[in-house]
Amino acid sequence: MNAPLILVISDDCNLRQTTRSFLERRRYHPLVAVSLAEAQRLIAWVGAPCVVLIDPGTINLETAPSALAGVAPIVALPVRTSASGVRRIAKKSQELEAIIESHCGSDAIAA
């Protein structure tokens, strides 16, 4: 069985990397993009993901649905910023796991 495809959109390199690692540890197949335009190219090339995770600091959640034309459900990444300004996935990753499971299924999480 192929791992469910999840698209991550963020212009923050550290956030993209931590999200990619988070998803790979749970046996999902993450695609990462720095912009909506890059995301659209990836979708055209690879196919539709089961969910799109968007960094609310990068993309306006009100414009993303029209730009992605109903390709997949769009969810804001739960992001926290450290005192030094580093952005990462919020520690409440169970919330993110539940969101992903509801859109992509739970088969991949059995890590």
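The values are calculated or read from the model by the stated rules, or taken from the named source; none is laboratory data. In this text the structure is predicted, and so the values were computed from the model without any measurement. Reconstructed Cβ throughout: ideal geometry from the backbone, glycine too, with neighbour counts over all protein chains shown.
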Practice problem: Could you please let me know if Ala33 is among the hydrophobic types (A, V, I, L, M, F, W, C) and in contact with a strand residue (DSSP E or B) (Cβ under 9 Å, 6 or more places away or on another chain)? | Solution: yes
Quiz item: Is there a residue in the stretch 39-48 that is of a type in the set (Lys, Arg) and closer than 20 Å to Ser106 by Cα?
Solution: no
Practice problem: Report yes if some residue within the stretch 1-14 is of a type in the set (A, V, I, L, M, F, W, C), modelled with pLDDT of 90 or more, under 20 Å from Ile99 (Cβ atoms) and part of a helix (DSSP H, G or I); otherwise report no. | Solution: no
